[in-house]
1. Looking at the stretch 71-89, which of the residues that are under 19 Å from Thr18 (Cα atoms) and among the β-branched types (Val, Ile, Thr) is farthest from ligand 2 (Cβ to nearest atom)?
2. Among the numbered criteria (1) at pLDDT below 95; (2) open to solvent by less than 40 Å² (accessible area, probe 1.4 Å); (3) more than 16 Å from ligand 2 (Cβ to nearest atom), which one does Ser14 miss?
3. Report yes if Thr41 is part of a loop (DSSP other than H, G, I, E, B), open to solvent by 30 Å² or more (accessible area, probe 1.4 Å), within 16 Å of ligand 2 (Cβ to nearest atom) and of a type in the set (Ser, Thr, Tyr), otherwise no.
4. Can you tell me which residue among Ile206, Ile183 is over 22 Å from Arg307 (Cα atoms) and among the β-branched types (Val, Ile, Thr)?
5. Taking the criterion of being assigned to a loop (DSSP other than H, G, I, E, B), free of Cβ contacts under 8 Å to residues at least 12 places away in the same chain and surrounded by fewer than 18 Cβ atoms within 10 Å (Cβ to Cβ), would at least one residue in the stretch 381-396 satisfy it?
6. Considering every residue within the stretch 38-58, establish whether at least one is within 16 Å of ligand 1 (Cβ to nearest atom), among the aromatic types (Phe, Trp, Tyr) and either out of contact with any strand residue (DSSP E or B) (no Cβ under 9 Å at 6 or more places or on another chain) or within 14 Å of Met79 (Cα to Cα) (or both).
7. So which pairs qualify, if the first residue must be in the stretch 7-28 and closer than 17 Å to Ile130 by Cα, the second must be within 16 Å of ligand 2 (Cβ to nearest atom) and open to solvent by 10 Å² or more (accessible area, probe 1.4 Å), the Cβ gap must be under 6 Å, and the two must be at least 6 apart or on different chains?
8. Every residue in the stretch 62-74 that is buried (at least 17 other Cβ atoms within 10 Å of the Cβ) and at pLDDT below 95, please.
Amino acid sequence: MNTVPVPRDLQEFSHIFTQNGFSVYLVGGAIRDIFLKKKPTDWDVATNASPQQVSKIFKRVIPTGIEHGTVTIPFRSHMIECTTFRTEQGYSDGRHPDKIHYAATIEEDLSRRDFTMNAIAVSLPDGKVIDPFNGRADIKKRIIKTVGSPTERFSEDGLRPLRAVRFSTLTGFTIEPETFAAIQPALTVTGRVAVERVRDELVKLIMSEQPLTGLDYLEKSGLMDLFLPELAQCRGIEQKGRHQFDVLDHLYRACAAAPQNEPEVRIAALFHDIGKPIVRSLDESGNFTFYHHETVSAKMTKKIMERLRFPNRSIEMVTHLIRMHMFHYEPVWTDAAVRRFIVSTGVEYIEPLFLLRRADSAAITGTSTLLPDLVEFRERINHILAQKHVFSLKDLAVTGNDLKKAGITHGPSIGIVLRELHNTVLDDPSLNTKERLIKIALAFCNERKIPLIIF
Ligand code: ATP
Ligand code: MG
């Protein structure tokens, strides 16, 4: 197959280049997808036109990476990433090429790309395949192999070993042995890569359909020791009891069992027991105990995520889920107890917390069904949420101002009284009317000797 069919939109897009005397090629992930018989998700193209020339021939271009010769062209419903042919010379810091040179030919451009499967081009609009490094054969063999010497290619850009691992998990391909063996010696270079680029690769790996392949490669290559040593230390930590896996395999399985469209739940699943090696001890009957592992795991996860510069909102969410993951329920709980659980967990965390519990169970028992008690608990929570009770102070029928008008003085006492009223309506939601709450507030102040201003 020396030509491939080219979608109509892409043909028409390429005419704009050819009519202006330029050449343009489809490159990158889309070609991999074509040969894997998957539908490409986005289009990357390479051209001999400079970014300035591209800006002239299209009405609108977005300078998304102009310093690397990349612009994004909105075309019909597509956002097409367009990079001028280039070569790179000298990578003295293992992170960025010292100089970017524009190249004359597509073959030169393909030779600077990372893996053979990523170094194929399709000329547009005719669909002719250009494959100087036999990428198609490697796709058939399902292997990931660098273009040229892996040692050289990894020492130029330390991110490439992480990309190899990420692509392996995305495609299910094996990393070719010589390429894999070159990862370990390049770890010092990889350690100098900007932390945000590392984080983005790790997130893509964790969020892939089958993260187990990538996690396994991450561990065996030494990349996990480099970026997530706390996780690597969970290897060999046996748990006995209900658990048939050591802590690390349990975490891998929980991560894979968490939903693919919930990043915080997936990340929480991967780290939820990371404190177990630290807190593990043996009781008199020879069983392991892991007291307070959820608190220790949450603290360790916070440090890891801060180190990898995750956004604060994600850190907060993941660590809260981990801290709460051992939550416990008994059918004898009153509705007030269920309401208190909702308040202390936070309404927005309820669903992710149950998703985490499912993933955790799946990684122990192999099935993600919840125990009958927890199914009942979830139903009770749903029922209570549907009644739109008071779950936060702002749902109370009185405000701080109402209390002031009733004579309760400013400052800390208002906060104390509001919290007391909140507890009262959690116990009995029917008390949530302005009139009743003001009476209760005044009685409470009287009992606690909180001074009132009598108007
Ligand atoms: P994805 O589906 O994740 O977008 P992709 O292969 O398109 O996969 P990109 O990160 O978008 O990956 O990169 C586009 C192309 O640019 C790659 O296919 C590869 O040829 C090249 N490339 C990207 N990053 C590097 C790198 N660090 N070193 C060498 N070539 C790279
Ligand atoms: Mg891409």
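The values are calculated or read from the model by the stated rules, or taken from the named source; none is laboratory data. Bear in mind the structure is a predicted one, so any value in this text is a computation, not a measurement. Here the Cβ is made from the backbone with ideal geometry for all residues, glycine too, and neighbour counts use every protein chain on show. Just so you know, the surface numbers come from the protein's heavy atoms only, side chains and all, with ligands and any DNA or RNA stripped out. Shrake-Rupley method; radii C 1.70, N 1.55, O 1.52, S 1.80 Å.
1. The selected residue is Thr84.
2. With respect to (1) at pLDDT below 95; (2) open to solvent by less than 40 Å² (accessible area, probe 1.4 Å); (3) more than 16 Å from ligand 2 (Cβ to nearest atom), Ser14 is out only on (1).
3. Details: part of a loop (DSSP other than H, G, I, E, B): yes; open to solvent by 30 Å² or more (accessible area, probe 1.4 Å): yes; within 16 Å of ligand 2 (Cβ to nearest atom): yes; of a type in the set (Ser, Thr, Tyr): yes.
Yes.
4. Working: Ile206 fails: over 22 Å from Arg307 (Cα atoms).
Sole residue among the options that is over 22 Å from Arg307 (Cα atoms) and among the β-branched types (Val, Ile, Thr): Ile183.
5. To start, the set of residues in the stretch 381-396 that are assigned to a loop (DSSP other than H, G, I, E, B) comprises 387-392, 396.
Add one more test, that the residue is free of Cβ contacts under 8 Å to residues at least 12 places away in the same chain, and what stays is 388.
Narrowing further to those that are surrounded by fewer than 18 Cβ atoms within 10 Å (Cβ to Cβ): 388.
Yes: one or more hits.
6. Yes; the residues of the stretch 38-58 include at least one that is within 16 Å of ligand 1 (Cβ to nearest atom), among the aromatic types (Phe, Trp, Tyr) and either out of contact with any strand residue (DSSP E or B) (no Cβ under 9 Å at 6 or more places or on another chain) or within 14 Å of Met79 (Cα to Cα) (or both).
7. That search, which allows pairs on different chains as well, returns Val27/Asp44; Gly28/Asp44.
8. Gly69, Thr70, listed by residue number.
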